[in-house]
Amino acid sequence: SNDITEAQAYTSNIPQKIRDICRQTKGKVLTYNNELFLPYYCSNCGGISSAAKDVFIGNNTTYTSSVKTLETSQNSKNYSWQSTIEKSTILYAMQKLNKTLASVNSFEKGQTDSAGRCLTFLIGGTEVNANSFRVAVGSTLFKSCLLTNITINANSISFEGLGYGHGVGLSQWGANVMATSNISYNNILLYYYKNCQIVNI
(Lines give C-alpha, C1' and ligand atoms only; values in the text may rest on other atoms or scores of the structure.)
Protein backbone atom coordinates (compact mmCIF):
# COMPACT_ATOMS: atom_id res chain seq x y z
CA SER A 1 0.00 0.00 0.00
CA ASN A 2 1.13 3.56 -0.66
CA ASP A 3 -1.60 5.04 1.56
CA ILE A 4 0.18 7.08 4.25
CA THR A 5 -2.53 6.18 6.78
CA GLU A 6 -1.47 2.53 6.47
CA ALA A 7 2.15 2.59 5.44
CA GLN A 8 4.21 5.14 3.56
CA ALA A 9 4.32 6.99 0.28
CA TYR A 10 6.98 6.11 -2.26
CA THR A 11 8.96 8.04 -4.83
CA SER A 12 9.07 6.96 -8.46
CA ASN A 13 12.85 7.50 -8.43
CA ILE A 14 13.85 4.10 -7.02
CA PRO A 15 17.58 3.78 -6.13
CA GLN A 16 19.65 1.09 -7.81
CA LYS A 17 20.36 -0.52 -4.42
CA ILE A 18 16.64 -1.16 -3.93
CA ARG A 19 16.31 -2.54 -7.46
CA ASP A 20 19.20 -4.95 -6.78
CA ILE A 21 17.64 -6.13 -3.51
CA CYS A 22 14.33 -6.78 -5.25
CA ARG A 23 16.09 -8.91 -7.88
CA GLN A 24 18.01 -10.86 -5.23
CA THR A 25 14.80 -11.72 -3.33
CA LYS A 26 12.63 -12.32 -6.39
CA GLY A 27 10.04 -15.01 -5.77
CA LYS A 28 10.31 -14.88 -1.96
CA VAL A 29 7.18 -13.91 -0.06
CA LEU A 30 6.20 -13.63 3.58
CA THR A 31 3.16 -15.74 4.53
CA TYR A 32 1.01 -16.44 7.55
CA ASN A 33 -0.96 -19.70 7.60
CA ASN A 34 0.16 -20.24 3.99
CA GLU A 35 -1.45 -17.00 2.84
CA LEU A 36 -0.21 -13.53 1.95
CA PHE A 37 -1.05 -10.85 4.51
CA LEU A 38 -0.72 -7.11 5.11
CA PRO A 39 2.70 -6.63 6.75
CA TYR A 40 2.27 -3.40 8.73
CA TYR A 41 5.37 -1.29 9.22
CA CYS A 42 6.30 2.18 10.37
CA SER A 43 9.29 4.51 10.38
CA ASN A 44 10.32 4.12 14.02
CA CYS A 45 8.69 2.21 16.91
CA GLY A 46 10.40 4.27 19.61
CA GLY A 47 11.98 1.18 21.14
CA ILE A 48 8.91 -1.07 21.30
CA SER A 49 6.24 -2.13 18.81
CA SER A 50 2.54 -2.86 19.31
CA ALA A 51 0.19 -5.57 18.09
CA ALA A 52 -2.17 -4.77 15.20
CA LYS A 53 -5.14 -6.10 17.17
CA ASP A 54 -4.52 -3.41 19.81
CA VAL A 55 -3.94 -0.40 17.54
CA PHE A 56 -6.35 -0.94 14.65
CA ILE A 57 -10.09 -1.17 15.34
CA GLY A 58 -11.57 -4.51 14.30
CA ASN A 59 -8.20 -6.08 13.50
CA ASN A 60 -7.86 -9.58 14.97
CA THR A 61 -4.63 -10.65 13.30
CA THR A 62 -2.05 -12.44 15.43
CA TYR A 63 1.06 -12.17 13.24
CA THR A 64 2.21 -9.02 15.01
CA SER A 65 2.89 -8.65 18.70
CA SER A 66 4.72 -6.23 20.95
CA VAL A 67 8.48 -6.67 20.59
CA LYS A 68 11.41 -4.60 21.78
CA THR A 69 13.15 -2.80 18.94
CA LEU A 70 16.76 -1.63 18.78
CA GLU A 71 16.48 1.96 17.62
CA THR A 72 17.60 4.77 19.94
CA SER A 73 18.10 8.51 19.63
CA GLN A 74 21.74 7.81 18.71
CA ASN A 75 21.27 5.20 15.97
CA SER A 76 18.07 6.27 14.23
CA LYS A 77 16.02 9.16 12.93
CA ASN A 78 12.49 9.93 14.16
CA TYR A 79 13.12 8.28 17.53
CA SER A 80 11.54 11.13 19.49
CA TRP A 81 9.38 14.11 18.63
CA GLN A 82 7.65 17.15 20.06
CA SER A 83 4.87 19.24 18.65
CA THR A 84 2.58 22.07 19.73
CA ILE A 85 -0.91 21.89 18.24
CA GLU A 86 -3.52 24.62 18.36
CA LYS A 87 -6.70 23.69 20.21
CA SER A 88 -8.71 24.77 17.16
CA THR A 89 -6.83 22.15 15.09
CA ILE A 90 -7.67 19.51 17.68
CA LEU A 91 -11.35 20.52 17.60
CA TYR A 92 -11.37 20.22 13.82
CA ALA A 93 -9.79 16.75 14.00
CA MET A 94 -12.46 15.68 16.50
CA GLN A 95 -15.18 16.90 14.13
CA LYS A 96 -13.69 14.71 11.38
CA LEU A 97 -14.11 11.80 13.79
CA ASN A 98 -17.75 12.78 14.46
CA LYS A 99 -16.90 13.92 17.98
CA THR A 100 -18.28 17.37 18.74
CA LEU A 101 -16.70 19.38 21.55
CA ALA A 102 -17.31 22.92 22.69
CA SER A 103 -13.70 23.33 23.82
CA VAL A 104 -10.51 21.42 24.53
CA ASN A 105 -10.05 22.02 28.24
CA SER A 106 -8.27 18.74 28.89
CA PHE A 107 -6.27 16.09 27.05
CA GLU A 108 -5.42 12.82 28.83
CA LYS A 109 -4.10 9.40 28.02
CA GLY A 110 -6.87 6.81 28.06
CA GLN A 111 -6.28 3.09 27.63
CA THR A 112 -2.75 1.94 26.79
CA ASP A 113 -1.42 -1.36 25.46
CA SER A 114 1.41 -3.46 26.90
CA ALA A 115 3.94 -1.29 25.04
CA GLY A 116 2.62 1.85 26.72
CA ARG A 117 1.20 3.14 23.44
CA CYS A 118 -2.09 5.01 23.85
CA LEU A 119 -5.12 3.20 22.44
CA THR A 120 -7.54 5.97 23.41
CA PHE A 121 -7.40 9.62 24.40
CA LEU A 122 -9.79 11.54 26.62
CA ILE A 123 -10.15 14.95 24.99
CA GLY A 124 -12.38 17.33 26.88
CA GLY A 125 -13.76 14.24 28.61
CA THR A 126 -14.67 12.57 25.29
CA GLU A 127 -13.01 9.26 24.46
CA VAL A 128 -11.54 8.82 20.98
CA ASN A 129 -9.43 6.12 19.31
CA ALA A 130 -5.83 7.33 19.60
CA ASN A 131 -4.56 6.17 16.21
CA SER A 132 -7.64 7.55 14.42
CA PHE A 133 -7.05 10.90 16.13
CA ARG A 134 -3.37 10.83 15.16
CA VAL A 135 -4.30 10.46 11.49
CA ALA A 136 -7.14 13.00 11.70
CA VAL A 137 -5.01 15.74 13.28
CA GLY A 138 -2.10 14.98 10.90
CA SER A 139 0.37 12.12 11.14
CA THR A 140 3.33 14.39 10.42
CA LEU A 141 2.22 16.71 13.25
CA PHE A 142 1.19 14.06 15.80
CA LYS A 143 3.84 11.47 15.01
CA SER A 144 2.94 8.62 17.37
CA CYS A 145 0.70 7.52 20.22
CA LEU A 146 3.65 6.56 22.42
CA LEU A 147 3.45 9.77 24.44
CA THR A 148 5.88 10.80 27.14
CA ASN A 149 4.45 14.21 28.07
CA ILE A 150 1.36 16.39 27.54
CA THR A 151 1.33 20.10 28.45
CA ILE A 152 -1.89 22.12 28.16
CA ASN A 153 -1.42 25.78 27.28
CA ALA A 154 -3.96 28.58 26.90
CA ASN A 155 -4.63 28.09 23.16
CA SER A 156 -2.59 25.00 22.34
CA ILE A 157 -1.37 21.66 23.66
CA SER A 158 2.26 20.55 23.56
CA PHE A 159 3.11 16.88 23.10
CA GLU A 160 6.27 14.82 23.40
CA GLY A 161 6.55 11.23 22.28
CA LEU A 162 8.65 8.39 20.93
CA GLY A 163 8.64 6.92 17.44
CA TYR A 164 7.04 7.89 14.15
CA GLY A 165 3.96 6.08 12.87
CA HIS A 166 1.42 3.64 14.24
CA GLY A 167 4.12 1.45 15.81
CA VAL A 168 2.76 -1.84 14.45
CA GLY A 169 4.87 -4.50 12.75
CA LEU A 170 8.33 -3.78 11.37
CA SER A 171 10.19 -0.65 12.42
CA GLN A 172 12.19 0.60 9.46
CA TRP A 173 14.87 2.15 11.65
CA GLY A 174 14.87 -0.85 14.01
CA ALA A 175 15.34 -3.15 11.01
CA ASN A 176 18.16 -0.92 9.78
CA VAL A 177 19.97 -1.26 13.12
CA MET A 178 19.60 -5.05 12.94
CA ALA A 179 20.83 -5.13 9.34
CA THR A 180 23.93 -3.07 10.13
CA SER A 181 24.64 -5.64 12.87
CA ASN A 182 24.75 -8.33 10.14
CA ILE A 183 21.39 -9.88 11.01
CA SER A 184 19.90 -11.44 7.88
CA TYR A 185 16.75 -10.06 6.28
CA ASN A 186 14.80 -13.27 6.96
CA ASN A 187 15.68 -13.18 10.67
CA ILE A 188 14.69 -9.51 10.79
CA LEU A 189 11.30 -10.24 9.20
CA LEU A 190 10.60 -13.23 11.44
CA TYR A 191 11.50 -11.17 14.50
CA TYR A 192 8.81 -8.61 13.73
CA TYR A 193 6.22 -10.96 12.18
CA LYS A 194 5.69 -13.86 14.55
CA ASN A 195 4.72 -17.35 13.35
CA CYS A 196 5.23 -16.34 9.72
CA GLN A 197 7.19 -18.10 6.98
CA ILE A 198 9.29 -16.94 4.05
CA VAL A 199 8.54 -19.15 1.06
CA ASN A 200 9.37 -19.25 -2.65
CA ILE A 201 6.63 -18.84 -5.24
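Structural remarks
- In nm, spacing of pseudo-spin labels at Thr31 and Thr148 (7 Å Cα→C-beta vector): 4.2 nm
- Element breakdown for the chain at a 1.4 angstrom probe: carbon and sulfur atoms account for 49% of the accessible area.
- Taking other residues whose beta carbon is less than 10 angstrom from the beta carbon of Asn153, and scoring Lys, Arg as +1 and Asp, Glu as -1, yields 0.
- Ile14 sits among other residues whose Cβ lies under 13 Å from its own Cβ, and their net charge, with Lys and Arg +1 and Asp and Glu -1, is +2.
- Cβ crowding within 10 Å averaged over residues, with 37-47, 130-140, 78-88 ranked highest first: 37-47, 130-140, 78-88
- Extension gain, Thr126 back to Ser158 (0.36 nm per residue minus Cα-Cα distance, nm): 9.6 nm
- Only lysines eight or more places from Lys68 in sequence, or on another chain, were considered; those with a Cα closer than 25 Å are Lys53, Lys77, Lys109, Lys143, Lys194.
- All Cα-Cα distances of the chain, cut into 5 Å bins from zero to the largest, leave 1, 7, 14, 19, 18, 15, 10, 7, 5, 3, 1, 0 percent in each bin in turn.
- The chain - percent relative contact order, Cα under 8 Å, separation 6 or more: 30 percent
- Heavy-atom accessible area per residue - the range 48-122, 1.4 Å, Å²: 55 Å²
- Accessible-area order (highest first, 1.4 angstrom probe) of the listed residues Lys99, Lys68: Lys68, Lys99
- Proximal charge balance of Ser171 [Cβ under 14 Å; K/R count +1, D/E count -1]: +3
- Principal axis extents of the C-alpha atoms in the range 5-101 (largest first, rounded to whole Å): 53, 33, 30.
- In this Cβ point-charge picture (+1 for Lys and Arg, -1 for Asp and Glu), the chain has a dipole of about 400 debye about its Cα centre.
- HN-Hα J in Hz across the range 47-52 - Karplus 6.51, -1.76, 1.60, θ = phi - 60°, x for Gly and Pro: x, 7, 9, 10, 7, 4
- Taken one residue at a time, the phi angles of the range 102-113 give Karplus couplings (6.51, -1.76, 1.60, θ = phi - 60°) of 7, 7, 10, 9, 7, 8, 10, 5, x, 6, 10, 8 Hz. Gly and Pro are set to x.
- Highest mean packing first, where packing is the average number of other Cβ atoms within 10 Å per residue, the peptides 169-178, 147-156, 187-196 line up as 169-178, 187-196, 147-156.
The values are calculated or read from the model by the stated rules, or taken from the named source; none is laboratory data. Everything quoted here is computed from the prediction, not taken from an experiment. Ideal geometry is used to build each Cβ from the backbone, glycine not excepted, and the neighbour counts take in all protein chains shown. Calculation scope for accessible area: heavy atoms of the full protein, side chains included, ligands and nucleic acids excluded. Shrake-Rupley method; radii C 1.70, N 1.55, O 1.52, S 1.80 Å.
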